[in-house]
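Chemist: The structure follows.
The values are calculated or read from the model by the stated rules, or taken from the named source; none is laboratory data. If you're wondering where the values come from, they're calculated on a predicted model, not measured in any experiment. Every residue, glycine among them, receives a Cβ derived from its backbone with ideal geometry; neighbour counts consider all protein chains shown. The protein model used for the area step is the full one, side chains on, heavy atoms only, and it has no ligands, DNA or RNA in it. Shrake-Rupley method; radii C 1.70, N 1.55, O 1.52, S 1.80 Å.
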Amino acid sequence: QVQLVESGGGLVQAGGSLRLSCAASGRTASIYTMAWFRQAPGKERQIVARITWSGNTTYYADSVKGRFTMSRDNARNTVYLQMNSLKPEDTAVYYCAASAAYNYWGQGTQVTVSS
C-alpha cells in the first residue's frame, strides 16, 4: 500500500508562484511513476505532469508547459510541482497520484489564482 499526502496549496495572485509537495509513504519501493492531476470546477480531471521514478522522464500538459516543473527527491520519497506564472485558469484542486501495482491518490490540495 502507498499513502500520498499533498501540501502547498493556497491563494495567490495571477503571475505568482506556488510549490506543491507530495510525500509518499508505505511501500514506496513499488512506485514507478508519479503524477499531478487537477480538477477545476465544472470540468473533468486532467493530467498536469508525470515523472518516472527510475529514468526521471517528465511529461507536461500543453497548458502548463514552460510554467510548471515537476521534480522528485528520492531520499524523501517526495515529488514537487513548481508552478510559476500562475493564471486564473490554473485554479483547481490538485491531486497527487502514484502508479504501482495499484494506482493511488492523495486527498487533493486547493490552488486558487485570483485575477
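Chemist: Carbon and sulfur together cover what percent of the accessible area of the chain at a 1.4 Å probe radius?
Modeler: 47
Chemist: Among Tyr102, Tyr94, Tyr80, which one shows the biggest mean-square fluctuation in a GNM of the chain, springs joining Cα atoms closer than 10 Å?
Modeler: Result for the chain, Cα springs under 10 Å: Tyr102 fluctuates most.
Chemist: How long are the semi-axes of the ellipsoid equivalent to the chain, from square roots of 5 times the Cα gyration tensor eigenvalues, in whole Å, largest first?
Modeler: Semi-axes (√(5λ), whole Å): 23, 14, 12.
Chemist: Compute the Cα gyration tensor for segment 12-59, then decide on rounded, prolate or oblate, letting a ≥ b ≥ c be the square roots of its eigenvalues: rounded whenever a/c is under 1.5, prolate when a/b is larger than b/c in the other cases, and oblate in all that remain.
Modeler: The shape class here is prolate.
Chemist: Assigning unit charges at the beta carbon (Lys, Arg +1; Asp, Glu -1) and nothing else, what dipole magnitude in debye, to the nearest 20, does the chain show about its Cα centre?
Modeler: I would put it at about 120 debye.
Chemist: Through the Karplus equation 6.51 cos²θ - 1.76 cosθ + 1.60, θ set to phi - 60°, convert the phi angles of segment 34-44 into ³J(HN,Hα) values in whole Hz; use x for Gly and Pro.
Modeler: Each residue's phi maps through the Karplus curve to give 10, 8, 10, 10, 9, 9, 8, x, x, 10, 7 Hz.
Chemist: Counting only heavy atoms of the protein chains, get the accessible area per residue of segment 60-115 (1.4 Å probe) and round it to a whole Å² value.
Modeler: Per residue, segment 60-115 has 49 Å² of solvent-accessible surface.
Chemist: Between the DSSP loop rule and a limit of at most 14 other Cβ atoms within 10 Å, which chymotrypsin sites (Phe, Trp or Tyr not before Pro) in segment 1-71 are left?
Modeler: Tyr32
Chemist: For segment 23-77, give the magnitude of the charge dipole about the Cα centre (Cβ charges: +1 Lys/Arg, -1 Asp/Glu; no others), in debye to the nearest 20.
Modeler: 80
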